[in-house]
1. So residue 113 passes all but one of these: (1) within 14 Å of the ligand (Cβ to nearest atom); (2) within 21 Å of residue 192 (Cα to Cα); (3) more than 14 Å from the chain's Cα centre (by Cα). Which condition number does it fail?
2. Quick one: in the stretch 196-220, which of the residues that are touching a residue at least 40 places away in the same chain (Cβ under 8 Å) and within 16 Å of the ligand (Cβ to nearest atom) is surrounded by the fewest Cβ atoms within 10 Å (Cβ to Cβ)?
3. Please go through the stretch 173-195 and pick out each residue that is in a helix (DSSP H, G or I) and without any contact (Cβ under 8 Å) to a residue 40 or more places away in the chain.
4. Only residues that are of a type outside the set (Ser, Thr, Tyr), in a strand (DSSP E or B) and within 10 Å of the ligand (Cβ to nearest atom): list them for the stretch 221-242, please.
5. Of everything in the stretch 17-40, what is farther than 26 Å from residue 205 by Cβ and assigned to a loop (DSSP other than H, G, I, E, B)? Give them in sequence order.
6. Do you know which residues across the stretch 114-140 are surrounded by fewer than 21 Cβ atoms within 10 Å (Cβ to Cβ) and in a helix (DSSP H, G or I)?
Amino acid sequence: MTNKFRYFIANWKMYGNLNSLKSINNVIKFTKSNSKKRFKLIYCPPYTLLSAFCAKLQKSSISVGAQNCHEKNEHGAFTGSVNAQMIKNLGVKYVILGHSENRINGDTDDIINKKIKSALNQKLTVIFCIGETLYQRNNKGTNKIIKKQIIKGLKGLKKNSKIIIAYEPVWSIGTGIIPKNYELEKNIKFINSIILKNTKLKKFRILYGGSVNPKNIENLNTISMIDGYLIGGASQDPKKLIDIIKKSYN
Ligand code: 13P
C-alpha cells in the first residue's frame, strides 16, 4: 500500500461529554508513535467540547474542527448561534459546512456560501460537504444536485481558498451501505471536473464520507482519487478509528 497523504476527520455529531475526552488518549498515543505516516487527523466534537479538545490536543499533531458556524461575521442577537470568529478564538482550525444533516435543517446553498466566506475570512479551513439523497440518485439526479451544491456553495471564492471537499452520499450516512467503487470513482471525477470548470479553486482534496469503518476501509483505499475520510459513528470508538488509520498504511 502506498504512503499516500490522507485526512481522517472525526465528526462526532451530537455525541460526547467531558468523560469522552479520556477515550481519545489511545488515539493521541497512536498518532505520536506513527508520526512518520502521512496523515492528518482532525477531531470535530460538538461546540460544548471544542475548548476542552483544543486544550487536550494542543501538543499533539491532531487538530480540532467545529461542526458548523453561523453565517454572520459580526456578533449579534442570534440566540443559540456561534460564529466563525468565536470558533477561531478557541484555537480551532477547521469547520464542517454544508453537512446534509444541516441542509435538512434549513441550510440552503446560499446560506452555506455565506458561512464558507465567513469561515475563510477567519482563516479556518472549510470541510465542505456535498452529496445526493437516495431519491435523487434513484432518479438519476446525482450530477445535477452535486453541480448545484458546488456552484452555489463555492460561488465567489478566491483561487487559494482553503477548502476540503467531502463527498457524502446522504444514503450512505449511518446506513452501513457505501457506493460501489465504480460509482464513487465516477462521482469523484465529476466533482473534480465541476470544481475546476466552475470555480477558481485549483488545489483541493476530495474526501469520502458515509459508513466508513474498519471493514470497508481497505477497499475504499483502492480508490486513488479519495484523499481521506469524514467519519461519523466509527470515529467515536478509538479502537475503530485507530484501526481505520492503521489499515490505510499497513
Ligand atoms: P457515518 O460514518 O456515521 O455514516 O457518518 C458519516 C457522516 O455523516 C460524517 O460527517
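1. Here residue 113 meets the rest and fails (1).
2. Taking the stretch 196-220 and keeping what is touching a residue at least 40 places away in the same chain (Cβ under 8 Å), we get 198-210, 220.
With within 16 Å of the ligand (Cβ to nearest atom) added as a condition, the list becomes 205-210, 220.
Numbers: 205: 17, 206: 19, 207: 24, 208: 27, 209: 25, 210: 26, 220: 19.
Among those that are touching a residue at least 40 places away in the same chain (Cβ under 8 Å) and within 16 Å of the ligand (Cβ to nearest atom), it is 205.
3. Going residue by residue through the stretch 173-195, those that are in a helix (DSSP H, G or I) are 181-195.
Once the filter is applied, which keeps residues that are in a helix (DSSP H, G or I) and without any contact (Cβ under 8 Å) to a residue 40 or more places away in the chain, the stretch 173-195 yields 182, 183, 186, 188, 189, 192, 193.
4. Taking the stretch 221-242 first, the residues of a type outside the set (Ser, Thr, Tyr) are 221, 223, 225-228, 230-234, 236-242.
From what is left, the residues that are in a strand (DSSP E or B) are 228, 230-231.
Result: 230, 231.
5. Of the stretch 17-40, the ones farther than 26 Å from residue 205 by Cβ are 17-23, 25-26, 29.
Within the stretch 17-40, just 17 meets the criteria.
6. Here is the first cut: in the stretch 114-140, the ones surrounded by fewer than 21 Cβ atoms within 10 Å (Cβ to Cβ) are 114, 117, 120-123, 125, 133-140.
Across the stretch 114-140, the qualifying residues are 114, 117, 120, 121, 134, 135, 136, 137, 138.
Values quoted throughout were computed directly from the atomic coordinates according to the rules given, and no laboratory measurement underlies them. The shown structure was predicted, so the numbers you read here are calculated from the model rather than taken from an experiment. Cβ atoms come from the backbone with ideal geometry, glycine included; neighbour counts cover every protein chain shown.
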